[in-house]
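Structure, as structure tokens:
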Ligand SMILES: [Zn+2]
């Protein structure tokens with residue numbers, strides 16, 4: 001399998017170049033679809049049945065590539081990639097300097113998609129893919145999941161229900177993969193107060209106004225919960241005045257007001273990241289309690305929106321990591337440990353974490369993700385693909401051995 005990876009490596013670099021030169025920001029429906037077609041053709045060549053999963057007309061978004069290779073062996077594997085990039089527009093095309101490739105999606109994560117395909121090719125060349133059951137889902141909107149999630153993540157969840165383990169190819173390094181990722185949630189705070197002349201602020205008639213009440217709430221969030229292990233709650237946007245108008249097109253707000261008017265409205269939006277769903281629920285309860293004790297003359301409401309469930313570290317996850325670690329060392333690479341769940345954002349694997357165990361960070365090494373300086377270290381495609389091919393093969397061997405010897409379960 002290692003020889004097969006090395007044999008096909010140059011064509012994988014060319015495939016990555018082609019993919020990076022198709023602009024596919026999340027909102028670029030045609031571009032995302034085109035990258036999907038490019039990878040679908042590769043998977044078809046390996047014996048996968050491919051289909052494009054479109055969203056209903058009411059949902060904005062390109063949809064997902066789904067590819068299935070049917071076989072009788074367990075574990076049935078779900079491989080996760082994504083076709084979209086953070087940046088929209090034509091900029092950031094492929095520039096290669098020796099072993100570094102720059103451009104949108106080089107490491108996040110067209111590079112990971114390419115190493116996934118290369119690993120499957122190596123398995124096929126070695127005659128190992130034949131009886132394996134593999135579903136590939138490459139989503140078209142990982143960087144900004146289209147809403148509602150009940151529709152736009154249905155294909156991913158359906159695939160998880162037909163699978164035993166999830167392997168995701170987001171960026172990683174030689175020494176680190178991820179078996180835990182934090183979940184994330186959005187929150188939105190609206191505070192109203194009595195509008196009046198600034199000279200009356202703090203009086204019984206005027207009260208404290210919406211700005212002071214909103215700031216009280218946010219400051220109490222920080223006092224009560226900042227520093228709790230694994231929990232963060234950022235305030236992303238804050239506006240107050242006589243009027244506040246949200247701008248859904250870019251996530252911002254427009255405020256009007258005057259320095260001599262007690263503001264009747266404050267709005268704030270932010271996120272909440274957590275290690276477990278229990279931690280999420282506890283944090284939300286404390287935030288609601290803080291909002292429920294307003295200063296005189298003001299009142300607030302806070303609402304929460306679920307985004308990503310948490311992917312907590314589990315014993316099965318640790319077992320997967322141990323197998324990956326042994327695989328890596330036997331190929332002559334370094335040992336592999338998990339990144340701290342706090343250290344990275346949530347990803348598509350998080351959606352399936354409540355259904356099946358998995359591991360992420362199997363993709364390529366790079367730098368500058370989510371910035372105009374994104375790049376990938378090209379030889380890491382080889383490392384990633386060699387390791388993934390042997391890892392998948394060992395998962396099958398060890399699963400079969402475990403079935404044959406129930407005492408070892
Ligand atoms: Zn990504």
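The values are calculated or read from the model by the stated rules, or taken from the named source; none is laboratory data. What you are looking at is a predicted structure, and each value in this text was computed from that prediction instead of being measured. All Cβ positions, glycine included, derive from the backbone under ideal geometry; neighbour counts span all protein chains shown.
Any idea how many residues of region 91-148 are more than 15 Å from the ligand (Cβ to nearest atom), closer than 23 Å to residue 6 by Cα and in a loop (DSSP other than H, G, I, E, B)?
8
Testing residue 249 on (1) closer than 22 Å to residue 143 by Cβ; (2) modelled with pLDDT of 95 or more; (3) in a loop (DSSP other than H, G, I, E, B), one condition comes back false. Which one is that?
(2)
Please determine whether any residue of region 184-195 is within 16 Å of the ligand (Cβ to nearest atom) and assigned to a strand (DSSP E or B). Reasoning before the result, please.
Taking region 184-195 and keeping what is within 16 Å of the ligand (Cβ to nearest atom), we get 184.
Still in the list and also assigned to a strand (DSSP E or B): 184.
Yes, there is a match, as at least one residue in region 184-195 is within 16 Å of the ligand (Cβ to nearest atom) and assigned to a strand (DSSP E or B).
Give the number of residues within region 113-150 that are out of contact with any strand residue (DSSP E or B) (no Cβ under 6 Å at 6 or more places or on another chain) and modelled with pLDDT of 95 or more.
Step one: of region 113-150, the residues out of contact with any strand residue (DSSP E or B) (no Cβ under 6 Å at 6 or more places or on another chain) are 114-115, 117-130, 141, 143-150.
Filter again for modelled with pLDDT of 95 or more, leaving 114-115, 117-130, 141.
Result for region 113-150: 17.
Please enumerate the residues belonging to region 149-166 that are in contact (Cβ under 8 Å) with a residue 12 or more places away in the chain and under 24 Å from residue 61 (Cα atoms). First the steps, then the outcome.
Just the residues of region 149-166 that are in contact (Cβ under 8 Å) with a residue 12 or more places away in the chain, to begin with: 149, 151-153, 155-157, 159-166.
Of everything in region 149-166, those that are in contact (Cβ under 8 Å) with a residue 12 or more places away in the chain and under 24 Å from residue 61 (Cα atoms) turn out to be 149, 151, 152, 153, 155, 156, 157, 159, 160, 161, 166.
Yes or no: residue 340 surrounded by fewer than 18 Cβ atoms within 10 Å (Cβ to Cβ), in the same structural domain as residue 139 (by TED's automatic domain parsing) and closer than 29 Å to residue 82 by Cβ? Outline the logic, then answer.
Values: surrounded by fewer than 18 Cβ atoms within 10 Å (Cβ to Cβ): yes; in the same structural domain as residue 139 (by TED's automatic domain parsing): yes; closer than 29 Å to residue 82 by Cβ: yes.
So residue 340 passes the test.
Which numbered condition in (1) within 16 Å of the ligand (Cβ to nearest atom); (2) assigned to a strand (DSSP E or B) is the only one that residue 266 fails?
Status for residue 266: all satisfied but (1).
Regarding region 198-221, can at least one residue be identified that is outside any strand (DSSP E or B) and more than 19 Å from residue 295 (Cβ to Cβ)? Walk me through how you get there before you give the answer.
Let us first name the residues in region 198-221 that are outside any strand (DSSP E or B), namely 198-221.
Cutting the leftovers down to more than 19 Å from residue 295 (Cβ to Cβ) gives us none.
So far as region 198-221 goes, no, none of its residues is outside any strand (DSSP E or B) and more than 19 Å from residue 295 (Cβ to Cβ).
Checking residue 229 against (1) away from the ligand (no atom under 16 Å from the Cβ); (2) at pLDDT 95 or above; (3) within 28 Å of residue 317 (Cβ to Cβ), which single condition isn't satisfied?
(2)
Among the residues of region 62-86, write down those that are outside any strand (DSSP E or B), modelled with pLDDT of 95 or more and out of contact with any helix residue (DSSP H, G or I) (no Cβ under 6 Å at 6 or more places or on another chain).
63, 70, 71, 72
Assess whether residue 319 counts as being surrounded by fewer than 17 Cβ atoms within 10 Å (Cβ to Cβ), modelled with pLDDT of 95 or more and more than 20 Å from residue 174 (Cβ to Cβ).
Values: surrounded by fewer than 17 Cβ atoms within 10 Å (Cβ to Cβ): yes; modelled with pLDDT of 95 or more: yes; more than 20 Å from residue 174 (Cβ to Cβ): yes.
For residue 319, the condition - surrounded by fewer than 17 Cβ atoms within 10 Å (Cβ to Cβ), modelled with pLDDT of 95 or more and more than 20 Å from residue 174 (Cβ to Cβ) - is met.
For region 231-249, indicate whether the set of residues that are touching a helix residue (DSSP H, G or I) at 6+ places or on another chain (Cβ under 7 Å), surrounded by fewer than 17 Cβ atoms within 10 Å (Cβ to Cβ) and under 17 Å from residue 266 (Cα atoms) is non-empty. Working first, answer last.
From region 231-249, those touching a helix residue (DSSP H, G or I) at 6+ places or on another chain (Cβ under 7 Å) are 231, 233, 235, 240; that's our starting set.
Next cut, surrounded by fewer than 17 Cβ atoms within 10 Å (Cβ to Cβ) only: 235.
When the remaining residues are screened for being under 17 Å from residue 266 (Cα atoms), the result is 235.
Yes, the conditions are met somewhere in region 231-249.
Out of the residues in region 153-179 that are more than 16 Å from the ligand (Cβ to nearest atom) and either at pLDDT below 95 or not in a loop (DSSP other than H, G, I, E, B) (or both), state the one that is farthest from residue 78 (Cα to Cα). Show your work before the answer.
Initial filter on region 153-179 (more than 16 Å from the ligand (Cβ to nearest atom)): 154-155, 157-165, 174-175, 179.
Now narrow it down to the ones that are either at pLDDT below 95 or not in a loop (DSSP other than H, G, I, E, B) (or both): 154-155, 157-161, 165.
Working: 154: 14, 155: 12, 157: 10, 158: 11, 159: 7, 160: 7, 161: 10, 165: 6 Å.
Of everything passing the filter in region 153-179, 154 is farthest from residue 78 (Cα to Cα).
Test each condition in (1) surrounded by fewer than 19 Cβ atoms within 10 Å (Cβ to Cβ); (2) in a helix (DSSP H, G or I); (3) within 16 Å of the ligand (Cβ to nearest atom) for residue 326 and report the one that comes out false.
Result: residue 326 fails condition (3) only.
Looking at (1) surrounded by 13 or more Cβ atoms within 10 Å (Cβ to Cβ); (2) assigned to a loop (DSSP other than H, G, I, E, B); (3) not assigned by TED's automatic domain parsing to the domain that holds residue 352, which is the one condition that is false for residue 258?
(1)
Could you list, in sequence order, the residues of region 351-373 that are closer than 26 Å to residue 101 by Cα and either modelled with pLDDT under 95 or away from the ligand (no atom under 16 Å from the Cβ) (or both)?
The first filter runs over region 351-373 and keeps only residues closer than 26 Å to residue 101 by Cα, leaving 359-373.
Selection gives 367, 368, 369, 370, 371, 372, 373.
For residues in region 374-398 being part of a helix (DSSP H, G or I) and within 16 Å of the ligand (Cβ to nearest atom), which is surrounded by the fewest Cβ atoms within 10 Å (Cβ to Cβ)?
Within region 374-398, the first condition is being part of a helix (DSSP H, G or I), and the residues that meet it are 379-398.
If we keep only those that are within 16 Å of the ligand (Cβ to nearest atom) as well, we get 380-381, 384.
Details: 380: 22, 381: 26, 384: 28.
Filtering region 374-398 for residues that are part of a helix (DSSP H, G or I) and within 16 Å of the ligand (Cβ to nearest atom), the one surrounded by the fewest Cβ atoms within 10 Å (Cβ to Cβ) comes out as 380.
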